[in-house]
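Here's the structure, in structure tokens; my notes come after.
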Amino acid sequence: MTQSGLIYGKATLFKPEDPLSPPQPHFSEGWHAQALALADTMVRGGHFTATDWATALGAMLTSADASGAPDTEDTYYLAVLNAVEALTVRHTPIAETDLTVRKDAWAKAYHDTPHGKPVVL
């Protein structure tokens, strides 16, 4: 018998190494994929270069490591978001205060929204 952790919504008839098992998702959380897609969209849209992106992400990961952040997927994807935000402020007309206002509005809307209801800004 194969021991399993959380299995809700997953196939349980296959061992992980079974070549017939269904493919596993590449991202643990939807927002992880969205964060990278946002960065890719900004590069493809010409807002900043791939080199700018790599440099900014590297700097954010170095900063996270220096601050003692755990080496987890969430730490990585938070660095992705921080890099996108920094490059957005540097390379677009969007100011840091605009980002802060928008994030604060979203956080308030999120906290004010009843469980199970969509968040509306």
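The values are calculated or read from the model by the stated rules, or taken from the named source; none is laboratory data. All of these numbers come straight from a predicted model, not from anything done at the bench. Cβ sites come from the backbone with ideal geometry, for glycine too, and all protein chains shown count toward neighbours.
Filtered by the rule that a residue be of a type in the set (A, V, I, L, M, F, W, C) and over 18 Å from the mean Cα position of the chain (by Cα), region 90-104 gives Ile94, Ala95, Val101. All conditions in (1) assigned to a helix (DSSP H, G or I); (2) at pLDDT 95 or above hold for Trp31, with the sole exception of (2). Restricting attention to region 14-35, the residues that are surrounded by 14 or more Cβ atoms within 10 Å (Cβ to Cβ) and aliphatic (A, V, I, L, M) add up to 2. Please specify each residue of region 15-57 satisfying the condition of being of a type in the set (Phe, Trp, Tyr) and in contact (Cβ under 8 Å) with a residue 12 or more places away in the chain. Correct list: Trp31, Phe48, Trp53. Residue-level check: of (1) modelled with pLDDT of 95 or more; (2) part of a helix (DSSP H, G or I); (3) in contact with a helix residue (DSSP H, G or I) (Cβ under 7 Å, 6 or more places away or on another chain), Leu99 misses just (1). When region 42-73 is filtered for residues that are surrounded by 12 or more Cβ atoms within 10 Å (Cβ to Cβ), under 26 Å from Thr92 (Cβ atoms) and not small (Gly, Ala, Ser), the ones remaining, listed by number, are Met42, Val43, His47, Phe48, Thr49, Asp52, Trp53, Thr55, Leu57, Met60, Leu61.
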